[in-house]
1. For segment 283-436, take every pair of Cα atoms, bin their distances at 10 Å starting from 0, and report each bin as a whole percent.
2. Applying the Karplus parametrisation 6.51 cos²θ - 1.76 cosθ + 1.60 with θ = phi - 60° to the phi angles of segment 459-473, what ³J(HN,Hα) value in whole Hz is obtained for each residue in order, glycine and proline being reported as x?
3. Testing the spin-label approximation: label points 7 Å from Cα along Cα→Cβ at Thr364 and Arg672. State their distance in nm.
4. Once phi is turned into θ = phi - 60°, what whole-Hz ³J(HN,Hα) does the Karplus curve with 6.51, -1.76 and 1.60 give for every residue of segment 595-607, x standing for Gly and Pro?
5. Through the Karplus equation 6.51 cos²θ - 1.76 cosθ + 1.60, θ set to phi - 60°, convert the phi angles of segment 478-495 into ³J(HN,Hα) values in whole Hz; use x for Gly and Pro.
6. If you scale each eigenvalue of the Cα gyration tensor by 5 and take the root, what three semi-axes come out for segment 234-364, rounded to whole angstrom and sorted largest first?
7. Structure shown: which of Lys311/Lys421; Lys421/Lys560; Lys412/Lys560; Lys543/Lys651 lie over 30 Å apart, alpha-carbon to alpha-carbon?
8. Hey, what's the Cα Rg ratio for segment 504-634 versus the globular rule of thumb, 2.2 N^0.38 Å?
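Read-outs throughout are calculated quantities, based only on the coordinates presented, and are distinct from any laboratory measurement. No experiment lies behind these values; they were computed from the predicted model shown. Note that we place each Cβ from the backbone using ideal geometry, even for glycine, and neighbour counts take in every protein chain shown.
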Amino acid sequence: MAPALGIDRLSDLAPVYDLEGCHQPGEFAREQQVRIGGRAPALFTLGREEAFGDDYSARPDRVERAGEPRAVEIVEKQHCIKDAPIGPLVLEIGLLPVDQEAGLRGERARRCQAVGVAVDGNDLRAELGRGDRMPAVAAGEVEDAAGRHDPVGLPGKPGTGPREREGRVRRHVESDRPASLKETASRAVDLLVIGGGIVGAGVARDAAMRGMRTVLVEQNDLAFGTSSRSSRLVHGGLRYLEHGELRLVFESLRERAVLRRIAPHLVWPLPFIFPVHDGDRLRRWQLAAGMWMYDLLSLFHNVSPHKMLGKRALLSREPGLRAAGLRGGARYFDAQCDDARLVVATARSAHEHGATILTYTAVTGLIRDHGRVTGAMVRDVRTGREATLRASMVVNATGPWADQIRRLEDPKAQRLLRLTKGTHAVVPRERIGNHEAITFTSPLDGRMMFILPWGAWSYIGTTDTDTAESPDEVRASSEDIRYLLRSANSRFPNAHLTEEDVVATWAALRPLIEDGAIGATAVSREHVVSDGPGGMVTVAGGKLTTYRLMASQVVDHVVKRLNTEARGAWPAEAGTDLEPLPGGESASLGTIRALGLDSGVDVATVEHMLRHYGTEAAGIFNLMRSEPGLAERLQPDHPAVAAEVLHAARKEFVRSVADVLVRRIHLFYEARDQGAAAAARTAELLGRELRWTLGEQQREVAAYRALTGRTLPPTAMPELPLTSRGLPSRQS
């Protein structure tokens, strides 16, 4: 066996690719030198990273095969890796005395300095990554290399200043959910964040990375609301140009680049086609002007400049488009994301920096001292346990629920939000036949819409209508589905989409700021940060793309207030734009892909793992090998496997079957039965991890199947007559 390399974490390696410049791949295709333990340099080739413009999603059959992997030892003690300039470089990595045979036999290291387990391409029984340790004899358990078991504690008193962050080294924190609530309630913290959506998770991460003792509470699962029911786009927003919101577009495009850098597995490039037909609200010259402005606001750091296309060029790329009246259009790039998993990854990063994450914990009231909000009363909605959480500052980041929380502070608070409803419908991609993402204006009302590819599916969205529905109960209506299908049929007349083609739907409320605009579409996507009469900070509005920036501004505001009140001296910034999210340490996953394939995992499952987990996919491959049943698919028509359920239970804060199937692996949206067939197996695996009784497992299965029944699209909608110019009937 080849000698082991002492490597700390993927995140410690210098980046090898300029994600925005897209000009370096050739430099890294050449041989590089690695000096191991002072010996003569050895040459090897660094694989070329996927470029932002590579049409990866359209090539699911492509598999990169790496060479035979060297034995690698994952160590906790960092070693000095000397960076070299771009181009051929020399890395010095010291050798460590490691008993590899003992590691592969599953024997635990007996010295605190001994470094975990060896990982070899032919023996993947240890879960890889992020400082976790997994002896081969217990591949289902994560253990610290030194045998320490750190409790989920928040030591010290609030306002005593930032803790030592130890160079932001991540550590795995063993967490028992009920005990965590009890322990957290026993001591005050610096910041209590209410809301487990993308903004709340971002605030918790930013605060924890600055050293603040932080607790996040969420009444449901992470990303339960709008954050898991978006259009799944990280984009500047072409339509915002029409309203003159240039600053918002500029900030969004800048944040798109940041998210591509820190979470390349969750935010990926996506090419768009924007056709223009006779009678469309936008003319071709207007589209061209908008495209140039879009490139300009991205500082020309997009994948590539846009291209204006004629009718023939458009039809060659998208043959299914309606040819009648087609005047041409444009091709440009934006980014797609896994919105729910982006929230989970952000919350995990916050947790790794010391934050406590409490899901299914509802706020029932606010605590005041001399009129000032100093905490909240909470209740575990699954167990009924109640507790009081005290904090120096409280942030309300609850999205469409923000006004409800504000009225706990001030019952007479004026409405801050204007809630608008956005609905999406999922159909088989082959029914539409789109090759790339499609942007178009609906002939029904001129609204800008999308048809977006998602593996074997395409989803159509979105509506944008004022509503009085509760964010707890919002769902797609028959009118919403009719609007989406008719709009899509207007651009792809051979699709003849009907309600029977709809596999799943999702709907959510956008928490927009009330500004008196006429029409929901005209409401700004800007955000506000405000102080209530009791000192609670509320953040509202905004969009998914700019969540990190919003979170930074919220914590800046909190830090300013705490510093003014002489209750700490906190860092001016957290560096959330620099540190990768879990799984995002590298965008080049060829070696991990090869490990999965060499382990006998089928191609579809390997690609599914890489897209969902990035570098952490290696750990799930190891779980699959640790127990034969964990490599089995949850249901035959989807690539998700049983090992993912264990991973979710151990690392991703899940407490229900719906948490896993809806917001972690998306079977709910990617299977014709919405994952109903996988519910029993998922409940069994979760029951093993969460110590459910058989009765609790059965109740979870019943609850999930009831959920699929409530959210299935209507099965009997009226015919879709031709009522708008350019909209063909289903018989045409």
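1. The distribution over segment 283-436 is 8, 20, 24, 17, 17, 12, 2, 0, given as percents.
2. For segment 459-473, the Karplus curve yields 10, 10, x, 9, 7, 8, 10, 5, 8, 9, 5, 6, x, 6, 10 Hz.
3. So the two model labels end up 4.6 nm from each other.
4. 4, x, 5, 5, 7, x, 7, 5, 4, 4, 5, 4, 5
5. 4, 5, 4, 5, 4, 4, 5, 5, 5, 5, 5, 4, 5, 9, 10, x, 7, 6
6. On the way: eigenvalues 258, 52, 43 Å².
Largest first, segment 234-364 gives 36, 16, 15 Å.
7. Working: Lys311/Lys421 34 Å; Lys421/Lys560 35 Å; Lys412/Lys560 27 Å; Lys543/Lys651 27 Å.
Long pairs (Cα-Cα over 30 Å): Lys311/Lys421; Lys421/Lys560.
8. Numbers: Rg = 22.2 Å, N = 131, 2.2 N^0.38 = 14.0 Å.
Scaled against compact globular proteins, the figure is 1.58.
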